[in-house]
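Participant: Handing you a structure now.
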Amino acid sequence: MRKRVKSITGIMLAVAMMGTLLTGCGNAASGEGGGESGATEVETALSVETKLTNTKLEGEKDDSKKTVTTLLEFTPEPAGHGHPYVEGGPNWSLQPLIYETLCDYSSQPETTFKPQLLESYTWEDQVLTMKLKEGLKYSDGSEINADELLNNMYMDLSNQQLLIYAASIEKLDDLTVQVTYTKNSSLIVTYLLKSLLMFPSSEYGQWAAVYQDIFENMRELNDEGDYEMTEEGQKLFDETTLDCNNYLPKMTEIKTSGAYRIETVTSDEITLKANPNYRNELDIDTIVGIRQSSAEAFQIAVQNEEMDLEAGGLSTDLALTVAKQNKDTIRQVGIPAFSQWGFCMNVNKAPTDKLEVRQAIAYVIDTEQIAPASEPGMIVADQYATAMPLSLRDKYLSEEDLASMTKYDLNLEKATQLLESVGWTKQGSQWVDETGAVPEIIIGGIGSYQVELIMGEAAANMLQEFGIKASFVSKEVSAYSDYSQSGQAHMIIDGFGSAQSTQHPYEVYAGIWWYGKRMNLTFPESGEKLVWKDDVTGEDFHYEDVVNELKLANTDEEISAAALKLAKFHNDNLWYIPVTDQCFIYRIHNDKLSLPAVETGDAVSDFVWSGTSSVVLGKLIHSGEMYYIK
């Protein structure tokens, strides 16, 4: 979950802290030589030593305590409603608590599916067979069976990748459904296995029947051997979706398949009560969700310890203060967000159109100083610039793979050599290019977002100290999307290919279609595949073909082989300079709340403690190990 400080108070805190950061960065950048940062190490919330060092507590279970208070995101009525795919309905924050997954999923530390609604599943020869547990029921007591699973699949054809890649969907018996795919891809199957049961037939059956008709009768195979809707099918699909989206039931009246149902909703709180027909007995029968109406209100709630656990956004210094003040009771878990912040480099605007200039910039920017100061939980991103978040890079690439690539850590000597190699010279304290002009590097970002403000100002300061003229241009949120794709800036602050959904490298590298616009890449004409020249090898790199190879990989070895090709290409060309690897902090304030065991502190690699904050909470509940002790 990514939370960004948007309040005036938050920005003032960020700027105050940034002054200290920039002082240190200036000293580092003006030093001689290079691989070591000259700035003082930044203290972070996760570096605070706490008395409790494990999420699991020893002691007798306290059955009298059944309520957990946490931070949840929801839309109050009248704008709020119960349709999960329409704005204002149950969103990413509520869904894992009120809807049940077919399987809980994580790629960490190994790719694992733990059946929840499913009793079992098999995946063999492009056929997925799923069998539901017996006796499953919705919150109103109605049965969950194969017909309900089919209804959900037809309602969610696009998100579960069934519309494109499923050749057929069949009901084998009252509990079993079988899907035959066009491709032998474990990634494609992931979308279905990790999906939530959100669409009861009693509420959505009329629309699911239309989608089923489209699936069975209004698709045709394309040249790639996958399915596309016919013109008639697309028209009917759009009309049906529009009609379905007008169905907006009350939140408190919807049937839920998960551990909880929605009991009450106010402007500030939502109360979830245990599903009376849930398949397992729950130690926690009530979840009270506090809505973050403002950054200030949330900060007060955290400082007053109004929540038992939460993973909300605090400014860096406030997160540190909270950790220090409560070090005897608080537990903190760093959870990888499978995403990152960095600089999208403009490859078609001088001087960043030169690889050597991009490389020099990467050697000047001290990511080890910026990352921990940018947001709570942030760590230094991949210095090999593979474009993958660290959790994925370290899972799929070996040390030998990384040794074959260039590492972009702080090194002012290398930066100097690279600039001199393209004809740049230093006149006094200022670099000039091969024409004798003073080039300026323009860095664009959203000034009201703490992480972008700090990254932009710090990077500009580091470049200035090194002698490269640079400036940070602060943009409003509403204007940033257009500006970031206009080609005006040399460096655009953004992520690259977040992999939060599947935690798979495909999700990262397929992001080039979006983030490439911020790099000012030249895309081919419609119908042509992505092929770009590698600036190091001079050879054409068939980017889209390798991304498709990654999508169709079935084993970790196959994924690693394809990911390595793309990682090496990004390392060669440096279209993206990663700065911070996103890791959000799950804070457990109640020192009597016992949870599945994991050591507190830095980013963990754990099945339960993986995913968005609400996905993690859902897994905590599924584990049966979330309870209070006396």
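The values are calculated or read from the model by the stated rules, or taken from the named source; none is laboratory data. It should be emphasised that the depicted structure is a prediction, and the values quoted were computed from it without experimental measurement. A quick note on method: Cβ atoms are made from the backbone with ideal geometry, for glycine too, and the neighbour counts reach across all protein chains shown. Only protein heavy atoms, including side chains, enter the accessible area calculation; ligands, DNA and RNA are left aside. Shrake-Rupley method; radii C 1.70, N 1.55, O 1.52, S 1.80 Å.
Participant: By how many nm would the segment from D394 to K61 grow when fully extended, if each residue of separation counts as 0.36 nm and the alpha-carbon distance is taken off? Intermediate results must be reported in sequence, preceding the final value.
Facilitator: On the way: separation 333, 0.36 × 333 = 119.88 nm, distance 3.80 nm.
Gain in length upon complete extension: 116.1 nm.
Participant: Here's something else I'd like to know. If region 464-567 were replaced by its equivalent ellipsoid, with semi-axes equal to the square roots of 5 times the Cα gyration tensor eigenvalues, what would those be, largest first, whole Å?
Facilitator: Numbers: eigenvalues 168, 58, 48 Å².
So the three semi-axes of region 464-567 are 29, 17, 15 Å.
Participant: Using a cut-off of 20 Å between alpha-carbon atoms, which lysines can reach K250, once sequence neighbours fewer than 8 places away in the same chain are excluded?
Facilitator: Leaving aside lysines fewer than 8 places away in the same chain, those within reach of K250 are K273.
Participant: Go through K51/K592; K56/K592; K131/K194; K61/K133; K131/K395 and tell me which ones have a Cα-Cα distance over 19 Å in this structure. Intermediate results must be reported in sequence, preceding the final value.
Facilitator: Numbers: K51/K592 13 Å; K56/K592 10 Å; K131/K194 14 Å; K61/K133 29 Å; K131/K395 30 Å.
Correct reply: K61/K133; K131/K395.
Participant: Show which lysines lie in cross-link reach of K426 when reach means a straight Cα distance below 19 angstrom and same-chain residues fewer than eight apart are skipped.
Facilitator: K354, K414, K469
Participant: Given the options S120, N145, S107, identify the residue whose Cα lies farthest towards the positive end of the charge dipole of region 102-210 (+1 on Cβ of Lys, Arg; -1 on Cβ of Asp, Glu).
Facilitator: S107
Participant: Over the alpha-carbon set of region 75-134, divide Rg by the Kirkwood Rh and report the Rg/Rh ratio to two decimals.
Facilitator: Values: Rg = 15.7 Å, Rh = 13.9 Å.
Using Cα coordinates only, the ratio equals 1.13.
Participant: Could I ask something else about it? Provide the gained length on full extension for the span S47 to E413, in nm with one decimal, where the gain is 0.36 nm per separating residue minus the Cα-Cα distance.
Facilitator: On the way: separation 366, 0.36 × 366 = 131.76 nm, distance 3.14 nm.
Additional length available on full extension: 128.6 nm.
Participant: With charges set only on the Cβ (+1 for Lys and Arg, -1 for Asp and Glu), what does the dipole of region 268-372 come to about its Cα centre, in debye to the nearest 20? Present the calculation step by step, with values, prior to reporting the outcome.
Facilitator: Numbers: 9 positive and 16 negative charges, 105 e Å.
The dipole of region 268-372 has a size of about 500 debye.
Participant: Here's something else I'd like to know. For region 375-454, restrict the atom set to alpha-carbon positions and state the Rg and Dmax in Å.
Facilitator: Values for region 375-454 (Cα only, Rg and Dmax): 17.3, 46 Å.
Participant: May I ask you to compute the full-extension gain from T537 to T122, defined as 0.36 nm times their residue separation minus their alpha-carbon distance, rounded to one decimal in nm? Present the calculation step by step, with values, prior to reporting the outcome.
Facilitator: Details: separation 415, 0.36 × 415 = 149.40 nm, distance 4.30 nm.
Working it through step by step, the gained length comes to 145.1 nm.
Participant: With a ≥ b ≥ c taken as the square roots of the eigenvalues of the C-alpha gyration tensor of region 565-630, please select rounded if a/c is under 1.5 and otherwise prolate if a/b is larger than b/c or oblate if it is not?
Facilitator: Values: a/c = 3.82, a/b = 2.76, b/c = 1.38.
Cα axes put region 565-630 in the prolate bin.
Participant: Kirkwood hydrodynamic radius, region 330-375, all distinct C-alpha pairs: what's the number in Å?
Facilitator: Result for region 330-375, one decimal place: 13.2 Å.
Participant: Which of the listed residues, I164, A45, L463, is farthest toward the dipole's positive end in the chain, when Lys, Arg count +1 and Asp, Glu count -1 at the beta-carbon?
Facilitator: A45
Participant: For region 255-364, build the charge dipole from Cβ charges (+1 Lys, Arg; -1 Asp, Glu) around the Cα centre, then report which of S339, I287, A301 sits farthest towards its positive end.
Facilitator: It is S339, whose Cα lies furthest towards the positive end.
Participant: Another question, if that's okay. Mind running the shape call on region 212-348? Use the C-alpha gyration tensor, a ≥ b ≥ c as the square roots of the eigenvalues: rounded below 1.5 for a/c, prolate if a/b tops b/c, oblate otherwise. Could the numbers behind the result be given before it?
Facilitator: On the way: a/c = 2.58, a/b = 1.51, b/c = 1.72.
Oblate is the answer for region 212-348, as a/c is 1.5 or above yet b/c matches or exceeds a/b.
Participant: If you average 1/r over every pair of different alpha-carbon atoms in region 178-283 and take one over that average, what Kirkwood value in Å do you get? Don't jump to the answer; show the numbers that get you there.
Facilitator: Working: mean 1/r = 0.0582 Å⁻¹.
After inverting the pairwise mean of 1/r, the radius is 17.2 Å.
Participant: Can I ask one more? Could you tell me which of rounded, prolate or oblate describes region 394-501, using a ≥ b ≥ c as the square roots of the eigenvalues of the alpha-carbon gyration tensor, with rounded for a/c under 1.5 and, failing that, prolate when a/b is larger than b/c and oblate otherwise? Can you show the working numbers first?
Facilitator: Working: a/c = 2.17, a/b = 1.09, b/c = 1.98.
Because a/c hits 1.5 or more and a/b fails to exceed b/c, region 394-501 counts as oblate.
Participant: Over the chain, what percent of the accessible surface lies on carbon and sulfur atoms, probe 1.4 Å? Write down the numbers at each step before the final one.
Facilitator: On the way: 11300 of 25190 Å².
Roughly 45 percent, rounded to a whole number.
Participant: Whole percent per 20 Å bin, from 0 to the bin with the longest distance: what is P(r) over all C-alpha pairs of the chain?
Facilitator: Pairs per bin, as whole percents: 18, 50, 29, 3, 0.
Participant: Between region 458-473 and region 379-409, what's the alpha-carbon centroid distance in Å?
Facilitator: Taking the Cα centre of each part, region 458-473 and region 379-409 sit 26 Å apart.
Participant: Between D243 and V473, how high is the FRET efficiency from 1/(1 + (r/R0)^6) when r is the Cβ-Cβ distance and R₀ = 41 Å? Nearest 0.05. Show your work: numbers first, answer last.
Facilitator: Values: r = 44 Å, r/R0 = 1.08.
Here the calculated transfer efficiency is 0.40.
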